[in-house]
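Everything on this sheet refers to the single structure shown next.
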Amino acid sequence: MTAPAGIPAVPRPRRHVPVVDSTRLVGSYAALTFDDGPHPVHTPRLLSVLRKHRVTAVFCLWGAHALAHPQIVRAIVEDGHLLGNHGMHHDDMTDWTAARVRADLEETSAAVRAAAPGVPIPYFRAPYGNWGHTPQVAADLGMVPLGWRLAVRDWEPPGTGELLRRLTEGIAPGAVVLLHDGGGDRSQTVDAVDAMVPQLKARGWRFTTPA
């Protein structure tokens, strides 16, 4: 994957464990989740799109990015979205001890709350979808490990039209959808979400947070 100048490229998931999804939801409902932010350009654009379409989502934040862009963390919270802990530096925690995982998750939550004091962080998502000891540690810290049902590989990126196709054809009732607002150029993702939501709403779909 090649990232634009000044934006670090982030290796994407090799595998994942769908620890939590929304299969308990009834009907054509799905949950949108966004990883790797906040980003100073793409996250504000995405917030505007979600606000326009009246969609609430989950933002799984890097701690380092939250420290760099606290005003965007506050904007996410003020718009009513939920937060997830996505690690301090997006490290692969597969082989980490439970103690090391706990220290990283606590540091990440502290970074997020430095921007938005007292904000709930109900979810944790493992970087790269590599879980190791993280599910139990996250649960001990009061966070639900959050997996996904649909990943459209927006980290490539394949073009807005292709992302839109993957979203509209791949979505299924109860799905948690994995997308990204940080970690690279996410303009195609934002554009695809802007096009997808009204199309699916016209077909009777509704968007909610994970059950």
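Within the stretch 119-154, being β-branched (Val, Ile, Thr), assigned to a loop (DSSP other than H, G, I, E, B) and either under 16 Å from PHE59 (Cα atoms) or in contact with a Pro (Cβ under 6 Å, 6 or more places away or on another chain) (or both) holds for VAL119, ILE121. Can you work out which of the residues in the stretch 155-184 that are outside any loop (DSSP other than H, G, I, E, B) and out of contact with any Leu (no Cβ under 9 Å at 6 or more places or on another chain) is surrounded by the most Cβ atoms within 10 Å (Cβ to Cβ)? Filtering the stretch 155-184 for residues that are outside any loop (DSSP other than H, G, I, E, B) and out of contact with any Leu (no Cβ under 9 Å at 6 or more places or on another chain), the one surrounded by the most Cβ atoms within 10 Å (Cβ to Cβ) comes out as HIS180.
Could you tell me which residue of the stretch 57-86 is nearest to PRO135 (Cα to Cα), considering only residues that are more than 12 Å from the chain's Cα centre (by Cα) and assigned to a loop (DSSP other than H, G, I, E, B)? Ranking the candidates gives GLY80 first. Annotation note: of ALA103, ALA126, ALA64, the sole residue that is over 30 Å from TRP205 (Cα atoms) and in contact (Cβ under 8 Å) with a residue 24 or more places away in the chain is ALA64.
Going by what's in this entry, would ILE76 be described as crowded, with 22+ Cβ neighbours inside 10 Å, touching a residue at least 24 places away in the same chain (Cβ under 8 Å), among the β-branched types (Val, Ile, Thr) and within 23 Å of LEU50 (Cβ to Cβ)? So ILE76 fits the description; yes. For the stretch 156-172, name all the residues that are at pLDDT 95 or above and not aliphatic (A, V, I, L, M). Matches in the stretch 156-172: PRO158, GLY159, THR160, GLY161, GLU162, ARG165, ARG166, THR168, GLU169, GLY170.
Among the residues of the stretch 149-174, those that are under 20 Å from ARG125 (Cβ atoms), out of contact with any Ser or Thr (no Cβ under 7 Å at 6 or more places or on another chain) and among the small types (Gly, Ala, Ser) comprise ALA151, GLY170, ALA172.
The values are calculated or read from the model by the stated rules, or taken from the named source; none is laboratory data. This is a predicted model, so every value here is computed, not measured. Positions of Cβ are generated from backbone atoms using ideal geometry, with glycine treated the same way; all protein chains shown enter the neighbour counts.
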